[in-house]
Amino acid sequence: MTVRMTVTALAAVASLTAASTCAFAEEKWDMPLAYSATNYHSENATKFAEAVTAATGGKLKIVTHPGGSLFKGGEIFRAIRTGQAPIGERLVSALGNEDPIFEIDALPFLATSFEDAKKLYKASRPRMEEVLDEKGLKLLYAVPWPPQGLYSIKPIKAAADMKGLEFRAYNAATSRLAQLMGAVPAKIEAAELSQAFATGKAKSMISSGSTGYDRKIWEHVKYWYDVQAWLPKNMVIVNKEAWGKLDAATQKIVLEESAKAEDAGWAKAEELADWYKKKLAENGMTVEGPSDQLKSDFEAIGTTMTDEWLKKAGDKGKAVVDAYKAM
Ligand code: PCA
């Protein structure tokens, strides 16, 4: 009994001492992510979170929650905006109803290589930051997905073959694209994909090899056409109020680690793009380029969608496209 009491007393003294030597207030940030833990976006975000935690000596501890476990993809932007989560990651092009600038990321054939996607990012980042700032948010970093291709349970030689086919969309732009092909779109988050294809709710979609690989899409889908239509990005944003509570030294560390995460993420996406395609093929999928007809059908749809977007996005949108084209 005496010994137990002594141990308890010692532990109490030790924890008091630890508390008094911690001259700083510790802050814990939960960071919701929509995509699976093993996806490179999530792994990159987790590395970023760990690097910030280490570099601040635990003063700012960031903990990631992948796979939509804390907030689903469709809820993350609002959660950060309202301060329910201080930080998180969201697919940029899914935010078209917040502002048209975010949809520039999913305009077919505007930027189809990593190099052009980087230019488009440079050209659009100032406007993105302006819009986010008005909403009480700050952009930390953005990382692309590999080029987008067409998944289908049946061979597709032309857009006409998509007529009536159930199509999984991940934003308004992919819904519109489906509509223009005569397909039947339904918005479904990546985390719910396997279920949607298993039940036949989805029979086609446009996405990268990355998401097909993550969801073992070959269990349901046999064809992937490497259309290289665009490279959408995920962005990591922070609530400005939460940001304002950090001291200058901590903010500096977060910005430095964000820059590193951005560079690492772009490099990883590019490195993995071909690897994903190989994995789809190894698992029995037919992986090939689009037929000339399908390509020209997509190009025509891309022109329509770009025209529609320019009307919506007005002068500010046009200025971004012009800046991109001048690069
Ligand atoms: N994967 C994400 C968005 C773009 C991509 O390649 C998805 O399908 O949800």
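The values are calculated or read from the model by the stated rules, or taken from the named source; none is laboratory data. Computed from a predicted structure; not experimentally measured. Quick reminder, even Gly has a Cβ in these numbers, built from the backbone with ideal geometry, and neighbours come from all protein chains shown. These area figures cover heavy atoms from the full protein model, side chains too; ligands, DNA and RNA do not enter into them. Shrake-Rupley method; radii C 1.70, N 1.55, O 1.52, S 1.80 Å.
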(request) Would you tally the residues in region 178-194 being more than 14 Å from the ligand (Cβ to nearest atom) and open to solvent by 40 Å² or more (accessible area, probe 1.4 Å)? (result) 3
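Out of region 214-246, which residues are under 15 Å from the mean Cα position of the chain (by Cα) and among the β-branched types (Val, Ile, Thr)? Step through it out loud before you land on a result.
First, pick out the residues of region 214-246 that are under 15 Å from the mean Cα position of the chain (by Cα): 214, 230-238.
Result: 236, 237, 238.
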(message) Of the residues 45, 55, 34, 79, only one is open to solvent by 30 Å² or more (accessible area, probe 1.4 Å) and either touching a residue at least 24 places away in the same chain (Cβ under 8 Å) or within 16 Å of the ligand (Cβ to nearest atom) (or both); which?
(response) 55
(request) Mind counting the residues in region 229-253 that are surrounded by 21 or more Cβ atoms within 10 Å (Cβ to Cβ) and in contact with a strand residue (DSSP E or B) (Cβ under 7 Å, 6 or more places away or on another chain)? (result) 10
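Given the structure, is residue 84 away from the ligand (no atom under 13 Å from the Cβ), over 14 Å from the mean Cα position of the chain (by Cα), surrounded by fewer than 18 Cβ atoms within 10 Å (Cβ to Cβ) and under 20 Å from residue 311 (Cβ atoms)? Steps first, please.
Details: away from the ligand (no atom under 13 Å from the Cβ): yes; over 14 Å from the mean Cα position of the chain (by Cα): yes; surrounded by fewer than 18 Cβ atoms within 10 Å (Cβ to Cβ): yes; under 20 Å from residue 311 (Cβ atoms): no.
Answer is no for this residue.
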(message) Suppose we filter 261, 198 for residues that are under 19 Å from the mean Cα position of the chain (by Cα), more than 16 Å from the ligand (Cβ to nearest atom) and modelled with pLDDT of 95 or more; which single one remains?
(response) 261
(request) Scan region 161-177 residue by residue and report those that are without any contact (Cβ under 8 Å) to a residue 24 or more places away in the chain and either small (Gly, Ala, Ser) or in contact with a strand residue (DSSP E or B) (Cβ under 6 Å, 6 or more places away or on another chain) (or both). (result) 164, 175
